[in-house]
Amino acid sequence: MRWQGRRGSSNIEDRRRSGARMGGGGVRIGGLGLVALVLVGWALGVDVTPLLTGAGGGGGWSQGEAELTEAELTGAELTGADRQIGEFVSVTLADTEEVWAGIFAEAGGSYAPATLVLFKGVTASPCGGASGATGPFYCPSDQKVYLDTAFFDTLERQLGAGGDFAAAYVVAHEVAHHVQDELGILREASRARSSAGEARSNAISVRVELQADCLSGVFAAHAGDRFGSIEPGDIAEAMNAARRIGDDTLQRSAGRVPMPHTFTHGTSQQREAWFRRGYESGDIASCDTFAAQSL
Ligand SMILES: [Zn+2]
């Protein structure tokens, strides 16, 4: 992706300098944070939780506590690499803003961009505490994307999805959740989920997530046309990333047998296919996962 020297977004909230030292009593990943997460119940991520927290149900939360302590002790310094990745995210976010503003305007609407929070280690959100272990996510309560850029290393080293456009896809996917929020889709889905059993609720989540993948593909198509920023191999990097974070692949990597009723994001094959669909059509009308007979 061509990004160096290009315009960045002003909608970045960089919390990395303050690191894990939070004002106002800080953040606890367990306890109240967990309660908040359950109440909101709707933080949408790329979800690598099964891999990063192991198979144990509550294990991830206590792991988060341990990370908090360590982060508190070490504090956070911004390295040159941190600054560079911050610029990359900022340019990618600006690209999404321009593309989505254009698409909304064509449909007679206007796009109010999301804020993207960069953090290191751990931070607070109305959807609960965020730590590097939870992976990036979108919180509808404050309309912010939360991203620990260390996730890009995880993506490359642990999940096998390297390349700058794999990272751009992650940003685009989270922004796509904001687009869904702007369109009222998240509210609808949330309402439907609240009265559904667990398996049904997960199935709705899968359609939300695959739609976000499709919208990421739509973004990539428009970015290529508008900015000429897409380089050979970029789309393959995004599709590889989509494949690597499929629920079946993540559960297998965590040493488990994939259980479809627990899927919340879709299989590797589905995630790649919906990204491709959005990319090839460049049209959000092709992303109606809720009307699709089969995913
Ligand atoms: Zn998501």
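Coordinate-derived values only; no laboratory data. All values derive from a computational prediction rather than experimental measurement. We place every Cβ from the backbone using ideal geometry, glycine too, and count neighbours over all the protein chains shown.
Structural remarks
- Normalised by the number of residues in region 220-295, the mean separation of alpha-carbon contacts (under 8 Å, six or more apart) gives a relative contact order of 28 percent.
- In region 89-156, the C-alpha radius of gyration followed by the widest Cα-Cα span (Dmax) gives 13.8, 40 angstrom.
- THR267 long-range amide H proximity, modeled H, under 5 Å: ASP247
- Scaled radius of gyration (Cα, divided by 2.2 N^0.38 Å) that region 252-295 gives: 1.38
- Charge tally for TYR111 (other residues, Cβ to Cβ under 10 Å; Lys, Arg +1; Asp, Glu -1): -3.
- Counted charge near PHE165, where neighbours are those whose Cβ lies closer than 11 Å (Asp, Glu -1; Lys, Arg +1): -3
- Once divided by 2.2 N^0.38 Å, the Cα radius of gyration of region 83-226 becomes 1.05.
- Separation of the SER294 and GLU198 label points, Cα + 7 Å toward Cβ, nm: 2.8
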